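Each remark here refers to the structure printed beneath this line.
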Amino acid sequence: MHILNCFHCGEECLDEVIRFSEKDFCCTGCKTVFEILNTNDLSYYYELERNPGTSPKFSENKFDFLDNPEIAEKLLEFDHNNIQVISLMIPSIHCSSCIWVLENLNKIHKFVRSSQVDFPKKRVRISFASDKLTLKELVIMLARIGYEPSISLESYEPKNSNIDRSLIYKLGVAGFAFGNIMFLSFPEYFEINEFWLEKFKHLFRWLMFSFSLPVVFYAGKDYFTSAWKGLHAGMLNIDVPIALGIAVLFLRSTAEIAFDLGTGFFDSLSGLVFFLLLGRFFQQKTYSFLSFERDYKSYFPIAVTRLNSEENRQKEEQVQVYKIKIGDRILIRNEELIPMDCILIKGKARIDYSFVTGEAEPVSRKSGEKLFAGGRQQGGIIEVEAVKPVQQSYLTELWNNEVFSKDKNNAFQNLTNQISQRFTIAVLSIAIVATVFWMFYDASRAWNVFTAVLIIACPCAIALSAPFTLGNMLRIFGKHKLYLKEARVIEQISQIDTVVFDKTGTITTSKKETITYEGLELNDAEKQLLTGSLRASNHPLSRALYRILDKNDIALPENFEEVTGKGLLTSSSDLKLKIGSSEFVKQPKAAQTLSGGASKTSVHISANDEYKGCFSFHNAYRKGISELFASLSEDRELIILSGDNAGEREKLEKLLPAGTLMFFDQNPGDKLQFIKDLQQQNRKVMMIGDGLNDAGALAQSEVGIAISEDINVFSPACDGILDARKFGDINKFFDLSSKAIKVIKWSFMLSLCYNLVGLGFAVTGNLMPVVAAILMPLSSISVVFFATLATQLLGKKLESNLKPES
């Protein structure tokens, strides 16, 4: 059977095919969006990209909270004279068609004055006439055309818009000074004896001194600060010899021009600081469209429905979640998230805690039982009573753990600092020995030799090796869908000896499921009615099961009833089906082994009150998982740490290499403590997870990587975000990190060769300014060129070895 693709979103038309205007659509939503765009002369949208849209699926009452003026005011950027401006996060922005249609919203609604898209941040800034178009109506309009905004509790918080541009300013100052000092130094290099040059020589020298002042005391200030902090902590970091080199260059150069002994080394000084800052800037690559610091606020709703009793009746009102008090009655609808710890008062709760605990199977709760923040209701409306405010809920307290405020950089000593300890001692030793020698042989040269050694041995090239190598690798990793928070993470990856994986959502995928049927064979009439009934249901399990069934000769049910949280009651002629949970269908005790107990998600079937069997849903493991684990296990210990039950242990043991440790029923606190216990055994741990339940473990580990099916939606605080399609290539990223460290080491060797040549001039007292001006930049440029070339070759090799996206 040929499956058609939707003209709007490109998805396969599995459930139904709607033919309109000689085009195929997968649902009424996609057809409606096409009609809206076509009617408003925006059909060019489909010419920019093929199948550019997303299918609109939303509930209009989802945005009722925007009727609350207090909440709306917090979200608006500007509100004056009936003109409002708002900036909205639109996760589904992905191509030029998206930009085009969002910047032409005024053609869809005449009261939208203007709209501007910030594509890297996936935001759109909209100005509209608030007396003609409300904020809620604007948001619903966006949702209807497939661009539903993401509005969470994080949106309500005041945003820190301060961007630190100090490095750019310092780089600009150093570059400006470097260029001017080099220009003023040229006559001195070539000893040109020209009258006017000789007459203004002293002026030029003091001008060079003036240009060097902001370089030393502003652009180079951070190196002195870092060196002092390192010495105060008893550590010789790379900034100690750099700060020493800058100070000696400045003091000796100032002394030379003050006593008319020469032109000094102001050119080398400004060049040194400029190249160092350039390396730091290059390493400071960030992915502004991603957030590596997300917490529960990115996941929680901005408002909930509170019940107030007025004149013997209950009135619903939308209230900001921080205003929930103990004792408040709250309504939670299907697929809504519970933002505070509470007691169930009315209704039947079926709570999905997978994002908090990792347990994939929803749990049922009865009136009087406690519900925890972070769970999502799957079923009908429930009424709950708050027992704690949002700020004191179980989930919020978990986030207040000190692990989320610790700085991983403080506990990590990088390769550059390790080498700098030996390098600094060696340079000082050579300087002292050479100075002592010249004190006895020719005391007039001793000071020049001492300062010359410190100048020429300043580790500029060594300090540039890591920034340029890791900065290049950061970009290569990002190109292949592993987005790291900062470059130092690559160095930490190379040291990992233990990798801990979450199970649900990490090594399994939510996009694929294995479905098996166990029980009595269904006859043709039962199969046809079952397929027709599932087609009419919007429940995720119904949709998943419908996709695998035969679509031929579908029998439409004459009577159809969806019992929320339980299942379907459906009939046609004299055939009556029950489809749903084991309790609803009344599965006999003798048949309960079919569904595997609580360890499997199942849909049960009965025909005319006779139990037939069940369809069981199994986790689908990511493609290439066996090969990945086999490759990683050669050099590292692998562990599965899951909040789910042990129902799939046997299947995992067949998939994964022997010796892979597995731990189940682990809550977020257990996972955090498990990582701490490994670190106390001097293990270097990488945690790979996907949900809020993994957040503590991700923060505690040396490297925390979040797997995401969509990098623009919620992922917990982490050091890196990996596109789920690249899961099978994790071992390649490990290999590339190790090779990057080798490139840094070879760069160090190249830098050392230049230092040895320079030291030959320095210890003999023959270091001239022109030699330093040539040798120091040459060593820096050579190291940068080598690091860039080597990493580009590694990147091409990675590209040839990577698997196609799955």
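The values are calculated or read from the model by the stated rules, or taken from the named source; none is laboratory data. Predicted, not measured: the structure shown is a model, and the values here were computed from it. Backbone-built Cβ (ideal geometry, glycine too); neighbour counts: all protein chains shown. Quick note on the areas: whole protein, heavy atoms, side chains included, nothing else; ligands and nucleic acids left out. Shrake-Rupley method; radii C 1.70, N 1.55, O 1.52, S 1.80 Å.
General observations
- Considering A699, A695, the condition of being of a type in the set (A, V, I, L, M, F, W, C) and surrounded by fewer than 24 Cβ atoms within 10 Å (Cβ to Cβ) is satisfied by A699 alone.
- If you check T593, T564 for being modelled with pLDDT under 85 and exposed (fewer than 14 other Cβ atoms within 10 Å of the Cβ), only one passes: T593.
- Strands (runs of 3 or more DSSP E) within region 621-709 that include 1 or more residues within 25 Å of the chain's Cα centre (by Cα): 637-641, 685-689, 703-708
- Filter pass, S571 being modelled with pLDDT of 80 or more and small (G, A, S): yes
- G689, sole failed condition from (1) surrounded by 15 or more Cβ atoms within 10 Å (Cβ to Cβ); (2) modelled with pLDDT of 90 or more: (2)
- Screening the candidates T516, T509 for the property of being at pLDDT below 85 and more than 26 Å from A630 (Cβ to Cβ) yields one hit, T516.
- Test: residue in region 107-122 that is modelled with pLDDT under 90 and part of a helix (DSSP H, G or I): yes
- All positions within region 104-118 that are more than 17 Å from T32 (Cα to Cα) and either buried (at least 17 other Cβ atoms within 10 Å of the Cβ) or in contact (Cβ under 8 Å) with a residue 60 or more places away in the chain (or both): N104, V112, S115, V117
- Residue in region 367-386 that is exposed (fewer than 15 other Cβ atoms within 10 Å of the Cβ), in contact with a strand residue (DSSP E or B) (Cβ under 9 Å, 6 or more places away or on another chain), at pLDDT 85 or above and over 29 Å from F584 (Cβ atoms) present: no
- Enumeration of residues in region 770-781 that are surrounded by fewer than 20 Cβ atoms within 10 Å (Cβ to Cβ) and either closer than 19 Å to F423 by Cα or at pLDDT below 80 (or both): V770, V771, I774, L775, L778
- Applying the criterion of being at pLDDT 75 or above and of a type outside the set (A, V, I, L, M) to the residues of region 11-25, the residue that is surrounded by the fewest Cβ atoms within 10 Å (Cβ to Cβ) is E22.
- Considering residues of region 614-668 that are acidic (D, E) and either in the same structural domain as E521 (by TED's automatic domain parsing) or surrounded by fewer than 20 Cβ atoms within 10 Å (Cβ to Cβ) (or both) only, the residue farthest from R547 (Cα to Cα): D635
- Among all residues of region 488-499, there is none that is closer than 30 Å to F617 by Cα and in contact with a Gly (Cβ under 8 Å, 6 or more places away or on another chain).
- Of all the numbered requirements in (1) of a type outside the set (K, R); (2) farther than 30 Å from F664 by Cα; (3) outside any helix (DSSP H, G or I), A463 misses one, and that requirement is (3).
- Scanning region 151-162 turns up at least one residue that is within 26 Å of Y322 (Cα to Cα), polar (S, T, N, Q) and in a helix (DSSP H, G or I).
- Screening F734 on (1) open to solvent by less than 10 Å² (accessible area, probe 1.4 Å); (2) in contact with a Phe, Trp or Tyr (Cβ under 9 Å, 6 or more places away or on another chain); (3) at pLDDT 90 or above; (4) in a helix (DSSP H, G or I) shows it passes everything except condition (2).
- Of the set (1) at pLDDT 75 or above; (2) open to solvent by 30 Å² or more (accessible area, probe 1.4 Å); (3) aliphatic (A, V, I, L, M), all apply to I71 but (2).
- Tally of residues being surrounded by fewer than 24 Cβ atoms within 10 Å (Cβ to Cβ) and out of contact with any Asp or Glu (no Cβ under 8 Å at 6 or more places or on another chain) across region 247-273: 13
- When every residue of region 192-202 is checked against the conditions, none turns out to be among the charged types (D, E, K, R) and at pLDDT 85 or above.
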